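Data block below; observations after.
Any read-out appearing in this document is the output of simple, stated calculations on the displayed coordinates, not a laboratory observation. Bear in mind the structure is a predicted one, so any value in this text is a computation, not a measurement. Please note: Cβ atoms are built from the backbone with ideal geometry, for glycine as well, and neighbour counts cover all protein chains shown.
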Amino acid sequence: KIFTNKISKTIIENLDFKLTNNQKSVINEINADLKSKSRMFRMLQGDVGSGKTIVSFITSANTLEAGFQSALMAPTEILAKQHYNLAKKIFFKTKVKIGYLSSKTDNKTRKIILNKISSGEIDMLIGTHSIFQKKIIFKKLGLIIIDEQHKFGVNQRNKILSKGNNVHLLLLTATPIPRSLT
């Protein structure tokens, strides 16, 4: 995947805080994974508030710049909505189009979102378990981010991975479980 960090630089320049050296280091490692010929399967572990979400958004920005879509799945509607609102704020000065989907999304809106995902009009989809449902077809999914990954089963993770071809996976966790680490 080819990207110039243009979108991520815009995001970083407009943050109201400075990235830590650890965040910068992890972003560089992830960028190397994204540019390699191998599929990324990475777990990002950190305490609540350590900046995992901003790192995942910068990762998304580079994936989007390379011409792929990204999806962020959270275990609860409250958390997914928080991510969606933060993403709108973070990506405000870019042309990135962000969509939101949950089980509570009304049918009319859901149909519009499904069409925009399959046509590629939505660059980044944020939502709950609804993201891995059969009716959701991405045009060109390149990255899946799963927050609080320990709350999803292996089958659920595999279902969302099947939404794309050789999709990169970034798992976010504050509490990794041994089976996930393995």
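One table, with the values for the structure above:
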| quantity | calculated |
| --- | --- |
| Computed [θ] at 222 nm, helices only, for the chain once each DSSP H run of length n ≥ 4 contributes -39500 (n - 2.57) | -12500 deg cm²/dmol |
| Packing-based ranking, highest mean first, of 110-123, 32-45 given that Cβ atoms within 10 Å are counted | 110-123, 32-45 |
| Trypsin sites (Lys or Arg not before Pro) within region 1-32: DSSP coil, no more than 11 neighbouring Cβ in 10 Å | 18 |
| Pairwise centroid distance, computed over Cα atoms, of region 1-47 with region 76-96, Å | 17 Å |
| Under the Karplus curve 6.51 cos²θ - 1.76 cosθ + 1.60, θ = phi - 60°, whole-Hz ³J(HN,Hα) for region 4-15, x wherever Gly or Pro sits | 10, 6, 4, 5, 5, 5, 4, 4, 4, 5, 9, 5 |
| Three-way shape label, region 32-76, alpha-carbon gyration tensor, a/c 1.5 | prolate |
| Cross-link pairs 9/35; 37/140; 111/140; 18/135; 35/108; 9/140 - those with Cα-Cα distance over 28 Å | 18/135; 35/108 |
| Distance between modelled label sites at residue 32 and residue 82, nm, 7 Å Cα→Cβ extension | 3.2 nm |
| Full-extension gain in nm, residue 50 to residue 103, via 0.36 nm per residue minus C-alpha separation | 16.2 nm |
| Cα-based reach from residue 6 at 15 Å (exclusive), listing aspartates and glutamates while leaving out same-chain residues under 8 positions away | 65 |
| Pairwise FRET efficiency - residue 2 versus residue 42, Cβ, R0 = 22 Å, nearest 0.05 | 0.65 |
| Region 68-129 shape via C-alpha gyration tensor axes, a/c threshold 1.5 | oblate |
| Ratio of Rg to Rh over the chain (Cα coordinates, Kirkwood Rh, two decimals) | 0.93 |
| Two-site FRET efficiency, residue 118 against residue 21, from Cβ-Cβ distance with R₀ of 41 Å, rounded to 0.05 | 0.55 |
